[in-house]
1. Please determine whether any residue of the range 125-133 is of a type in the set (A, V, I, L, M) and either at pLDDT below 95 or under 17 Å from M81 (Cβ atoms) (or both).
2. Does the range 10-54 hold any residues that are open to solvent by less than 30 Å² (accessible area, probe 1.4 Å), within 12 Å of V70 (Cα to Cα) and assigned to a helix (DSSP H, G or I), and which are they?
3. Can you work out which of the residues in the range 24-64 that are farther than 30 Å from M85 by Cα and among the basic types (K, R) is modelled with the highest pLDDT?
4. Restricting the search to the range 119-132, which residues are of a type outside the set (V, I, T) and either part of a loop (DSSP other than H, G, I, E, B) or crowded, with 16+ Cβ neighbours inside 10 Å (or both)?
5. Do we find that V151 is under 20 Å from R171 (Cβ atoms) and either of a type outside the set (K, R) or open to solvent by 30 Å² or more (accessible area, probe 1.4 Å) (or both) in this structure?
6. Can you tell which of E61, E77, E87 is charged (D, E, K, R), open to solvent by 80 Å² or more (accessible area, probe 1.4 Å) and within 30 Å of P191 (Cα to Cα)?
7. Going through R199, R169, R157 one at a time, which residue ends up being among the charged types (D, E, K, R), part of a helix (DSSP H, G or I), open to solvent by 30 Å² or more (accessible area, probe 1.4 Å) and over 17 Å from Q133 (Cα atoms)?
8. If I go through the range 68-99 residue by residue, how many of them are assigned to a helix (DSSP H, G or I) and touching a helix residue (DSSP H, G or I) at 6+ places or on another chain (Cβ under 8 Å)?
Amino acid sequence: MKNIEKRRADTIAEQLEEMIFDGSFSNGERLDEVRLAEQFGVSRTPFREALQRLALSNLIELIPRRGAFVRQPGPIELIEMFEVMAEMEAVCGRLAALRISDQALDDLQASNQKCQAAVERQDPDTYYIENEQFHKTIYQQSGNSFLASEVEMLHKRLKPFRRQQLRLRGRMAQSLAEHEAVLEALKKGDPEASANALRVHVAIQGEKFHSLMSNLKNAAE
């Protein structure tokens with residue numbers, strides 16, 4: 001039962017993300033938990049768990065005794081988060097190039113093959129799942145558990161934004177090409193090339209998210 005509720009919470013969180021990004025909710029708007037739980041056809045428990053996930057990414061603010069309020073991160077805040085993420089992943093790549101196992105390289109190749117299939121189906125949600133596994137494998141292969149833990153926390157915070165930027169036309173194929181560059185550098189055991197490839201990959205994600213948000217705002221005007 002807990003796994004079912006967790007999946008429901010994940011699904012609701014993703015749908016609420018879409019509604020926040022497409023302008024269904026305005027910045028600062030209070031979410032009507034009772035009405036939305038009824039709309040999604042769920043009890044308050046998985047709905048509140050979904051809100052906790054969004055609060056982790058700062059898409060909403062939970063205020064005790066007042067409720068949940070939409071919070072759109074400003075462009076400067078997002079740029080700063082993606083800058084830090086790019087550098088943290090670069091460090092993971094640099095260390096992984098020296099420490100990665102043959103099995104992990106095979107796992108990365110398998111993730112890329114699944115990403116390729118998702119590109120061919122134009123399926124950004126499945127692409128993101130495999131993309132997430134690709135990055136987590138590199139974090140783990142850095143051989144530094146403290147770094148892996150810290151970068152995974154920031155990854156979770158940026159998840160909605162990294163997921164949304166894949167919806168831009170041509171972005172999935174571009175992302176896959178960037179993955180191939182990362183994998184090639186890791187196979188060669190080249191620390192600087194691995195670091196640079198990951199830094200560019202994550203920085204571009206931030207740029208693409210801004211492009212997506214601009215497109216959505218223009219469409220709404």
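The values are calculated or read from the model by the stated rules, or taken from the named source; none is laboratory data. Quantities reported herein were computed from a predicted structural model and do not represent experimental measurements. Every residue, glycine as well, gets a Cβ built from its backbone with ideal geometry; the counts of neighbours run over all protein chains shown. The protein model used for the area step is the full one, side chains on, heavy atoms only, and it has no ligands, DNA or RNA in it. Shrake-Rupley method; radii C 1.70, N 1.55, O 1.52, S 1.80 Å.
1. Residues of the range 125-133 that are of a type in the set (A, V, I, L, M), as a first pass: 129.
Subset that is either at pLDDT below 95 or under 17 Å from M81 (Cβ atoms) (or both): 129.
Looking for residues that are of a type in the set (A, V, I, L, M) and either at pLDDT below 95 or under 17 Å from M81 (Cβ atoms) (or both), one finds at least one in the range 125-133, hence yes.
2. L16, E17, I20, F21, L51, L54
3. Filtering the range 24-64 for residues that are farther than 30 Å from M85 by Cα and among the basic types (K, R), the one modelled with the highest pLDDT comes out as R35.
4. To start, the set of residues in the range 119-132 that are of a type outside the set (V, I, T) comprises 120-125, 127-128, 130-132.
Across the range 119-132, the qualifying residues are Q122, D123, P124, Y127, Y128, E130, N131, E132.
5. Details: under 20 Å from R171 (Cβ atoms): no; either of a type outside the set (K, R) or open to solvent by 30 Å² or more (accessible area, probe 1.4 Å) (or both): yes.
When the stated conditions are applied, V151 does not pass them.
6. Details: E61 fails: within 30 Å of P191 (Cα to Cα); E77 fails: open to solvent by 80 Å² or more (accessible area, probe 1.4 Å).
The unique qualifying residue is E87.
7. On the way: R169 fails: part of a helix (DSSP H, G or I); R157 fails: over 17 Å from Q133 (Cα atoms).
Only one candidate qualifies: R199.
8. Our first condition is that a residue be assigned to a helix (DSSP H, G or I); within the range 68-99, this holds for 75-99.
Checking which are touching a helix residue (DSSP H, G or I) at 6+ places or on another chain (Cβ under 8 Å) leaves us with 75, 78-79, 81-99.
Residues meeting the conditions: 22.
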